[in-house]
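S.K.: Supplied in structure tokens, the structure appears directly below.
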Amino acid sequence: MSDPLDLEALIGPGALGYFAGGAGSEITLRDNLASWSRYALHPRVLVDVSERDLGTTLLGRYRPHPVVVAPMAYQKHAHEVGELGTAEAAARTESLYVLSSQTTTSPPDVARAMEAVAPGSDRWFQLYVFRDRAVSHDLVVQARESGYEALVITVDFPVAGWRERDRRTGFTVEHPVALNPSGPPLTTEQLFAMHDPSLTWDDIGEFADAAGMPVVLKGILRPDDAERAVDSGAAGIIVSNHGGRQLDTTLSGIDALVPIAQAVGGSVDLLVDGGVTRGWDVAKALALGADAVLIGRHLLWGLARGGAQGAEDVLRQVLAELDSTLALLGCPAAADLDASYVGPRAVG
Ligand SMILES: Cc1cc2nc3c(=O)[nH]c(=O)nc-3n(C[C@H](O)[C@H](O)[C@H](O)COP(=O)(O)O)c2cc1C
Ligand SMILES: CCCCCCC(=O)C(=O)O
């Protein structure tokens, strides 16, 4: 975890509160980080691990590794290069990139930057459904036309979580391209009020039909909702509590993954996030049924400190740690990780 004082000097107290903060008493925010150490790894010995394969398959496409850049809003408040920095880092490390619909750089500009670094690079677009549905539909068209391959609809944000840090600082956001491209700065409360709290499963169908690309639902924590997502035709599910920013005291992502994988594993791609900072976290997620793992703030701190290079360094370190974990676990292929490699850790 980054030193918060150092980051405060870099990006200011308002942006730091917005990026680092969670909902309520931040119990879930802290538990997301702590939860990974409740699982112990069970290494197997005397296995030939001289060659390792970190690969996974997502939406039918082979990917060289399972680390995905999470959608995160307003990245120009972390560093002036904003989304172009994290997107370039993703392209350079062959990481799947998910662009937030609350981006401060347009979807086509992000796509162009990724293609310039790595032609054929892979990106998905995350969608919030706004009260003004035309804004959301326009974003979907922009994303499809600029080569985003899947639509990630975030379903855990009917209203904003109770975010006390933002209430204290009164942080204001500049230039979210979809909602207020050249208008005055808006408070997070003003922006959050533009979300449509009446969204239901029927609307998901409407967006899925209009999208013309596979749909992934982000923000599911219950097995029955996961089953409903599969029934509604979703190609993937992101098990997530939104980085502890929405409802405080929910399960951590990894704790929620286990029953969801039991309910729907194998019938849909499963991704998980929340508090991932290490390659061995990624290995645990895969062993417990995930196909891939999203990284949020850990990457954002890299962006804040060093722009595109800082974000790339973070991704490269997590990937190197995952490679070393596979060797030490005696499991040379990430795709072969299973429940035999992980179990509960006695907490003393
Ligand atoms: C500053 C910030 C902005 C975020 N913005 C979005 C967003 O626009 N859309 C979304 O679906 N999730 C958003 N998230 C949630 C992330 O996609 C992800 O679920 C979460 O950050 C994972 O937890 P971690 O930060 O502990 O890795 C945001 C998270 C943060 C920290
Ligand atoms: C309409 C503005 C919504 C921005 C939400 C960004 C986000 O997901 C988060 O802050 O968390």
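S.K.: Would you call ALA143 within 21 Å of the chain's Cα centre (by Cα) and closer than 16 Å to ALA111 by Cβ?
M.R.: Values: within 21 Å of the chain's Cα centre (by Cα): yes; closer than 16 Å to ALA111 by Cβ: yes.
Criteria met by ALA143.
Here's the yes/no breakdown for (1) more than 29 Å from LEU221 (Cα to Cα); (2) open to solvent by 20 Å² or more (accessible area, probe 1.4 Å):
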position	(1), (2)
ILE11	yes, yes
ALA23	no, no
ASN32	no, no
SER37	no, yes
LEU58	no, no
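S.K.: Given (1) closer than 16 Å to LEU127 by Cβ; (2) part of a loop (DSSP other than H, G, I, E, B); (3) modelled with pLDDT under 90, identify the lone condition not met by PHE157.
M.R.: So the condition that PHE157 fails would be (3).
S.K.: Residues THR93, THR154, THR188, THR86: which one is buried (at least 18 other Cβ atoms within 10 Å of the Cβ), within 11 Å of ligand 2 (Cβ to nearest atom) and within 24 Å of THR57 (Cα to Cα)?
M.R.: Working: THR93 fails: within 11 Å of ligand 2 (Cβ to nearest atom); THR188 fails: within 24 Å of THR57 (Cα to Cα); THR86 fails: within 11 Å of ligand 2 (Cβ to nearest atom).
When all the criteria are applied, what remains is THR154.
S.K.: Residues in segment 94-110 that are over 18 Å from HIS77 (Cβ atoms) and part of a strand (DSSP E or B): how many?
M.R.: First, the residues of segment 94-110 that are over 18 Å from HIS77 (Cβ atoms): 94-98, 107-108.
Now narrow it down to the ones that are part of a strand (DSSP E or B): 96-98.
Residues flagged as over 18 Å from HIS77 (Cβ atoms) and part of a strand (DSSP E or B) within segment 94-110 amount to 3.
S.K.: Also: Does GLU145 count as surrounded by fewer than 16 Cβ atoms within 10 Å (Cβ to Cβ) and at pLDDT 90 or above? Explain how you work it out, then say what you get.
M.R.: Working: surrounded by fewer than 16 Cβ atoms within 10 Å (Cβ to Cβ): yes; at pLDDT 90 or above: yes.
Spelling it out, GLU145 is indeed surrounded by fewer than 16 Cβ atoms within 10 Å (Cβ to Cβ) and at pLDDT 90 or above.
S.K.: While we're on this one: Determine which single condition ASN180 fails, assuming it passes every other condition in (1) surrounded by 15 or more Cβ atoms within 10 Å (Cβ to Cβ); (2) touching a residue at least 12 places away in the same chain (Cβ under 8 Å).
M.R.: (2)
S.K.: Just to be sure before I move on: is GLY147 over 24 Å from GLY21 (Cα atoms), part of a loop (DSSP other than H, G, I, E, B) and of a type outside the set (Lys, Arg) in the structure I sent? Break it down stepwise before answering.
M.R.: On the way: over 24 Å from GLY21 (Cα atoms): yes; part of a loop (DSSP other than H, G, I, E, B): yes; of a type outside the set (Lys, Arg): yes.
Taking the combined requirement at face value, the residue satisfies it.
S.K.: Further question: Taking segment 251-287, which residues are open to solvent by 10 Å² or more (accessible area, probe 1.4 Å) and of a type in the set (S, T, N, Q)?
M.R.: GLN262, SER267, THR277, listed by residue number.
S.K.: State which residue is nearest to ligand 2 (Cβ to nearest atom) when the search covers only segment 101-127 and only residues that are under 25 Å from GLY12 (Cβ atoms) and surrounded by fewer than 24 Cβ atoms within 10 Å (Cβ to Cβ).
M.R.: Checked segment 101-127; the qualifying residue nearest to ligand 2 (Cβ to nearest atom) is GLN102.
S.K.: For segment 303-328, what are the residues that are buried (at least 23 other Cβ atoms within 10 Å of the Cβ) and more than 23 Å from the chain's Cα centre (by Cα)?
M.R.: Within segment 303-328, no residue meets the criteria.
S.K.: Then there is this: If we keep just the residues of segment 236-270 that are hydrophobic (A, V, I, L, M, F, W, C) and away from ligand 1 (no atom under 16 Å from the Cβ), which is farthest from the chain's Cα centre (by Cα)?
M.R.: ALA263
S.K.: Now for a different question. Do we find that ASP196 is under 24 Å from the mean Cα position of the chain (by Cα), closer than 21 Å to ALA160 by Cβ and either among the small types (Gly, Ala, Ser) or within 15 Å of ligand 1 (Cβ to nearest atom) (or both) in this structure? Walk me through it before giving the result.
M.R.: Working: under 24 Å from the mean Cα position of the chain (by Cα): yes; closer than 21 Å to ALA160 by Cβ: yes; either among the small types (Gly, Ala, Ser) or within 15 Å of ligand 1 (Cβ to nearest atom) (or both): yes.
So ASP196 fits the description; yes.
S.K.: To continue, here is another question. Can you tell me which residue is farthest from ligand 2 (Cβ to nearest atom) among those in segment 276-304 that are in contact with a His (Cβ under 7 Å, 6 or more places away or on another chain) and not in a helix (DSSP H, G or I)?
M.R.: Let us first name the residues in segment 276-304 that are in contact with a His (Cβ under 7 Å, 6 or more places away or on another chain), namely 276-277, 303-304.
Pick out the ones that are also not in a helix (DSSP H, G or I) and you get 276-277.
Values: VAL276: 16, THR277: 18 Å.
So the residue we want is THR277.
S.K.: Being away from ligand 2 (no atom under 14 Å from the Cβ), surrounded by fewer than 19 Cβ atoms within 10 Å (Cβ to Cβ) and under 30 Å from ASP338 (Cβ atoms) narrows it down to one residue among GLU80, GLU51; which is it?
M.R.: Working: GLU80 fails: under 30 Å from ASP338 (Cβ atoms).
None of the other options fit; the residue is GLU51.
The values are calculated or read from the model by the stated rules, or taken from the named source; none is laboratory data. As the structure is a prediction and not an experimental result, all values here were calculated from the model. When we count neighbours, we look across all protein chains shown, and the Cβ atoms used for this are built from the backbone with ideal geometry, even at glycine. Accessible surface is based on the protein model in full, side chains and every heavy atom, while ligands, DNA and RNA are left aside. Shrake-Rupley method; radii C 1.70, N 1.55, O 1.52, S 1.80 Å.
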